Amino acid sequence: MKLKTFLFLFFLNSTFLLQASDKLLIKIETERTSLIYQVGDNGRLYQKYLGKKLNHNSDMQHLPQGTEAYLAHGMEDYFEPAVHILHNDHNSSLLLKYVEHSSAQTGDGVNETVITLKDDKYPVTVKLHYVTYSKENIIRTFSEISHQEEKPVVLSKYASSMLHLNRNRYFLTEFSGDWAHEAAIAERELAFGKKVIDTKLGARANMFVSPFFQLSLDDPSRENAGEVLVGTLGWTGNFRFTFEIDNKNELRIISGINPYASEYNLPAKEVFRTPDFYFTYSCSGIGEASRSFHDWARNYQVNKGNETRMTLLNNWEATYFDFDENKLIGLMDEASKLGVDMFLLDDGWFANKYPRSGDHQGLGDWEETAGKLPNGIGHLVEEAQKKGVKFGLWIEPEMVNPKSELYETHKDWVIHLPNRDEYYFRNQMVLDLSNPKVQDHVFGVVDKLMTKYPGIAFFKWDCNSPITNIYSMYLKENQSHLYIDYVRGLYKVLDRIKAKYPDLPMMLCAGGGGRSDYEALKYFTEFWPSDNTDPVERLFIQWGFSQIFPSKTLCAHVTTWNRSTSIKFRTDVAMMCKLGFDIKLDDMNQNEHVYCNEAVKNYNRLKPAILEGDLYRLVSPYGSNHTSSMYVGKDKQSAVVFAFDIHPRYAEKTLPVRLQGLDSNRTYRVKEINLMPGNGSSLKGNDQVFSGEYLMTVGLELFTTQQLHSRIIEITRE
Ligand code: DGJ
């Protein structure tokens, strides 16, 4: 590079240094958001501003000083700190002062700012990292804590991020639930004191609550208006978000690993790197915040984020554990008739001493059950290939049944209390991933299968148990590291898999949506949001997860749950996400076969809009008898609208629904698709041309008063 170009780029990309009242300002910005820090006269770092982008440097001097950026325990602050360290001399105070900062462009539209803080009484350094994705309006933050004391220091708090807001009112939306009703939305106003959203389940960490939130400022959240901060933590384990309102009605948000039972003894010179916290600040409601996350996730975070996804037929609901080779080959035929891309073999194919005939035994012994599959997985892969479908396989490699050969030979690999009775969740226990030998074993499960059967095209990676009765034979005196080292061990395994098999797509599953975070999605192409495939419930569950995750990451299967809904209704719901089937063809009649076949073809045609387009949530199922969402292709050439009447009241008045995201000055043809064979469309305006303006201002009469009725409407630019 020529010196002149280098100097130009250096000044362009290096530190944003501005002088306001002679104090150093550090601006962290995207196209739409500013996060501004300033070094005070006392040398400490203050968060001066967080909100809509400020474009005039001359205004900076008018901003108030704000609150200290990364508050530590033991000094003058009265509320929850971001960091708490016990030094070698048993003093636990920390006073962080600004030392330096730098900023550099690390990608197209991506900038990283690193602010270094140090204590001048103790050799402790904290580096705050801020990575901005300008166009997508996402900020990724993490911290690095290190020291040079003689012996290890004890970290008892170690936040990824601390953010401050100063508004009249704060409304927090959480996404909690349980097995089969994941990501249920609840919004509440915050008042003085703390609200904590956390988990301490270890492995199936998100069983009761997902690691993301929406914080609406001044008013309850709205889809297309209002200021909202939406945040999520990339950590496949215990997380904690603390929202604390102080005596001045100022709010601090502290996000990171849940430090519960996780004091970390940090040796000198080792860097404690926290997980990433990602957030967006939208001034146009939660709809825009979701689209920002979806774009960023596809462009930067999710494994194969910009690639398409395979439709599939899964055998779990169709057979449970009751199958043999012939039954599976029959299902492959059905997959091929349906026109899907892949057949996915679920739980129940492995173990011989204790064959996996149910969920009470066999987990850990990853050889095919000879009685069920005499010709092994290799034969199934070949059969699938002959039928023109790919072959995928279910595994749960982090777990073990006590009734297994693995348990008999390696009890020392199992997390359990050596002096107490064992406790089983779904008859199983969790392997100790802090132990490198266990990491080798877990990596080996995938590696051995892939080496023996390179035709395997996909894995579904399940994880059904939380960590209970926590104790590691490997960690010895460092027991309080187990929750953290477990997750780090998992990432080491996933890193090895991704390095060796970069083209292998994988679905993340944890007894439904018990794992749903953006760090895991660096390795996984998609996840299973819930075992609940009742389409009515799915409308709510998918609505919840869509707040953060793009449709291509949300697996949705057509099953026999809720037989009072039609196959069409079930399929229309599943087509809003990553479509799959988990049903035998003899659970359907001939008309329904024809319908499903057509639906798969339609889905393949609409993939660019559904999987890569912009999501507009039009009518929420919460508090309504109907719901509707639409996806608009990035080029605005095509869009697809989904509309569902759930349980409308008799003679209920339904109003037209205004579409969004189209080009007002273009014309579009509106056509209902996915109709049952022989049925015409009753949609007013079907197969007619409208301007984008009309569709977005007047709207379409999408809803009816029929129970459990659905419509998919394709919108094509003329
Ligand atoms: C739980 C998953 O959520 C299901 O989809 C299925 O794979 C079972 N585990 C198999 O045991």
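The values are calculated or read from the model by the stated rules, or taken from the named source; none is laboratory data. Since this is a predicted model, take the numbers as computed values, not measurements. Here Cβ is always computed from backbone atoms with ideal geometry, including for glycine, and neighbour counts include all displayed protein chains. The area values use the complete protein model at the heavy-atom level, side chains included, leaving out ligands, DNA and RNA. Shrake-Rupley method; radii C 1.70, N 1.55, O 1.52, S 1.80 Å.
Any chance segment 140-150 includes a residue that's open to solvent by 40 Å² or more (accessible area, probe 1.4 Å), of a type in the set (Gly, Ala, Ser) and over 22 Å from the mean Cα position of the chain (by Cα)? No, there is no match, as no residue in segment 140-150 is open to solvent by 40 Å² or more (accessible area, probe 1.4 Å), of a type in the set (Gly, Ala, Ser) and over 22 Å from the mean Cα position of the chain (by Cα). Does any residue of segment 523-530 turn out to be modelled with pLDDT of 95 or more and assigned to a helix (DSSP H, G or I)? No, segment 523-530 contains no residue that is modelled with pLDDT of 95 or more and assigned to a helix (DSSP H, G or I). When Trp366 is tested against (1) touching a Ser or Thr at 6+ places or on another chain (Cβ under 9 Å); (2) touching a residue at least 40 places away in the same chain (Cβ under 8 Å); (3) open to solvent by 10 Å² or more (accessible area, probe 1.4 Å); (4) within 16 Å of the ligand (Cβ to nearest atom), just one condition goes unmet, and that condition is (1). Checking each residue in segment 110-129 for being over 18 Å from Gln47 (Cβ atoms) and surrounded by 21 or more Cβ atoms within 10 Å (Cβ to Cβ) picks out only Val124. Residues of segment 408-421 include none that is outside the structural domain of Ala203 (by TED's automatic domain parsing), more than 16 Å from the ligand (Cβ to nearest atom) and touching a Gly at 6+ places or on another chain (Cβ under 8 Å).
For Glu270, the test of being farther than 25 Å from Ser210 by Cα, away from the ligand (no atom under 16 Å from the Cβ) and surrounded by fewer than 23 Cβ atoms within 10 Å (Cβ to Cβ) is passed. Criterion applied to Glu288, Glu317 was being more than 16 Å from the ligand (Cβ to nearest atom) and open to solvent by 10 Å² or more (accessible area, probe 1.4 Å), and the one residue passing it is Glu288. Note on segment 640-670: among residues that are touching a strand residue (DSSP E or B) at 6+ places or on another chain (Cβ under 9 Å) and among the hydroxyl-bearing types (Ser, Thr, Tyr), the one that is farthest from Tyr622 (Cα to Cα) is Thr667.
For segment 80-99, how many residues are touching an Asp or Glu at 6+ places or on another chain (Cβ under 7 Å) and not in a strand (DSSP E or B)? Matching residues across segment 80-99 total 6. You will find that of Asp322, Asp346, the residue that is on the phi < 0 side of the Ramachandran plot, open to solvent by 50 Å² or more (accessible area, probe 1.4 Å) and within 16 Å of the ligand (Cβ to nearest atom) is Asp322 and no other.
Take the conditions (1) of a type outside the set (S, T, N, Q); (2) within 16 Å of the ligand (Cβ to nearest atom); (3) assigned to a loop (DSSP other than H, G, I, E, B); Phe458 misses just one of them, which is (3).
When Asp517, Asp586, Asp503 are checked against the criterion of being assigned to a loop (DSSP other than H, G, I, E, B) and surrounded by fewer than 24 Cβ atoms within 10 Å (Cβ to Cβ), Asp503 stands alone in meeting it. Does Asp447 satisfy the condition of being of a type in the set (Asp, Glu), more than 16 Å from the ligand (Cβ to nearest atom) and either buried (at least 22 other Cβ atoms within 10 Å of the Cβ) or on the phi > 0 side of the Ramachandran plot (or both)? No; evaluated as a whole, the condition is false for this residue. Applying the set (1) open to solvent by 10 Å² or more (accessible area, probe 1.4 Å); (2) over 15 Å from the mean Cα position of the chain (by Cα); (3) more than 16 Å from the ligand (Cβ to nearest atom); (4) not aliphatic (A, V, I, L, M) to Lys522 leaves exactly one unmet item: (2). Would you call Glu227 touching a residue at least 40 places away in the same chain (Cβ under 8 Å), within 27 Å of Gln542 (Cα to Cα) and open to solvent by 50 Å² or more (accessible area, probe 1.4 Å)? Answer is yes for this residue. Taking (1) open to solvent by 10 Å² or more (accessible area, probe 1.4 Å); (2) among the charged types (D, E, K, R); (3) within 21 Å of Leu504 (Cα to Cα); (4) in contact with a strand residue (DSSP E or B) (Cβ under 8 Å, 6 or more places away or on another chain) in turn, Arg298 satisfies each apart from (4).
Scanning segment 211-231 for residues that are touching a helix residue (DSSP H, G or I) at 6+ places or on another chain (Cβ under 7 Å) and part of a loop (DSSP other than H, G, I, E, B) turns up Ser221, Arg222, Glu223, Asn224, Ala225.
Answer yes if at least one residue in segment 176-192 is open to solvent by less than 30 Å² (accessible area, probe 1.4 Å) and basic (Lys, Arg), and no otherwise. No, segment 176-192 contains no residue that is open to solvent by less than 30 Å² (accessible area, probe 1.4 Å) and basic (Lys, Arg). Residues in segment 482-500 that are open to solvent by less than 10 Å² (accessible area, probe 1.4 Å) and either within 16 Å of the ligand (Cβ to nearest atom) or over 16 Å from Asn238 (Cβ atoms) (or both): 3 in all. Test Thr132 against the criterion of being surrounded by fewer than 18 Cβ atoms within 10 Å (Cβ to Cβ) and of a type in the set (Ser, Thr, Tyr), and give yes or no. Taking the combined requirement at face value, the residue does not satisfy it. Might you check whether a residue that is within 15 Å of the ligand (Cβ to nearest atom), over 29 Å from the mean Cα position of the chain (by Cα), modelled with pLDDT of 95 or more and open to solvent by less than 10 Å² (accessible area, probe 1.4 Å) occurs anywhere in segment 392-400? Within segment 392-400, none of the residues are within 15 Å of the ligand (Cβ to nearest atom), over 29 Å from the mean Cα position of the chain (by Cα), modelled with pLDDT of 95 or more and open to solvent by less than 10 Å² (accessible area, probe 1.4 Å).
Whether any residue in segment 549-557 is more than 13 Å from the ligand (Cβ to nearest atom), of a type outside the set (Ser, Thr, Tyr), assigned to a helix (DSSP H, G or I) and touching a residue at least 24 places away in the same chain (Cβ under 8 Å) is what I want to check. Taking every residue of segment 549-557 in turn, at least one turns out to be more than 13 Å from the ligand (Cβ to nearest atom), of a type outside the set (Ser, Thr, Tyr), assigned to a helix (DSSP H, G or I) and touching a residue at least 24 places away in the same chain (Cβ under 8 Å).
Within segment 246-273, residues that are within 23 Å of Leu50 (Cα to Cα) and modelled with pLDDT of 95 or more sit with their Cβ atoms under 6 Å from residues that are aliphatic (A, V, I, L, M) and open to solvent by less than 20 Å² (accessible area, probe 1.4 Å), at 6+ positions apart or across chains, in these pairs: Leu251/Leu165; Leu251/Ile245; Ile253/Leu163; Ile254/Ala82; Ile254/Ala159; Ile254/Met162; Ser255/Leu233; Gly256/Ala159.
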